[in-house]
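J.: Before we start, here is the structure in question, set down as structure tokens.
Every number in this text was worked out from the coordinates using simple rules, so none of it is lab data. Keep in mind that this is a model prediction, so the values were computed, not measured. Counting neighbours? That spans all protein chains shown, and the Cβs are built from the backbone with ideal geometry, glycine included.
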Amino acid sequence: MTRETATDGTGNRTPDEMSLDELREEIETIDREIVELIAQRTYVADTIAQVKAEQDLPTTDESQEQQVMDRAGENAEQFDVDANLVKAIFRLLIELNKVEQRNTR
């Protein structure tokens, strides 16, 4: 996976033009963004769990899980990332959400 420009403050330099410290700062920023997105996803999943509980729906929806996994694979291919890795991450997120849903019922 490549990024055409790095968010080093100027937005004009490619990763090849950045120092090791600047590249590490870029990774730190990306890591923070990933955690923020996981937090957002978890919030929405918790809201879904509340709706399921209110409507007396089962915790597991295999059809929906398969759709998520299919999208994860498609997105991985779009961004030239290992689809198995991305699917493994999403499987972990799904399983953690299901455990949380079961614990709150």
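J.: Considering the values [x] 17.8, 55; [y] 14.6, 46; [z] 16.0, 50, which represents Rg and Dmax of the Cα atoms in Å as calculated for the structure under consideration?
T.: Answer label, from the structure shown: [x].
J.: Something else: Given R₀ = 22 Å, what would the calculated FRET efficiency be for residue 55 paired with residue 99, taking r from the Cβ atoms and rounding to 0.05? Walk me through the intermediate numbers first.
T.: On the way: r = 20 Å, r/R0 = 0.91.
Rounded to the nearest 0.05, the efficiency is 0.65.
J.: Same structure again: Which listed residue (43, 84, 72) has the Cα farthest towards the positive end of the charge dipole for the stretch 16-104, taking +1 on Lys and Arg C-beta and -1 on Asp and Glu C-beta about the Cα centre?
T.: The residue sitting farthest along the positive end of the dipole is 43.
J.: Hey, another quick one. Can you tell me the dipole magnitude for the chain around its Cα centre, using point charges on the Cβ only (Lys, Arg +1; Asp, Glu -1), in Debye to the nearest 20?
T.: Working: 12 positive and 25 negative charges, 121 e Å.
Dipole size: approximately 580 debye.
J.: Report, to the nearest 10°, how far helix 20-54 tilts away from the longest principal axis of the Cα atoms in the chain, using its own Cα long axis and a range of 0 to 90°.
T.: Rounded to the nearest ten degrees, it is 10.
J.: In nanometres, what is the gap between the two model label sites at residue 26 and residue 47, each 7 Å from Cα along Cα-to-Cβ?
T.: 3.3 nm
J.: On full extension of the chain, what length is gained from residue 62 through residue 84, given 0.36 nm per residue of separation minus the C-alpha to C-alpha distance?
T.: Result: 6.0 nm gained on full extension.
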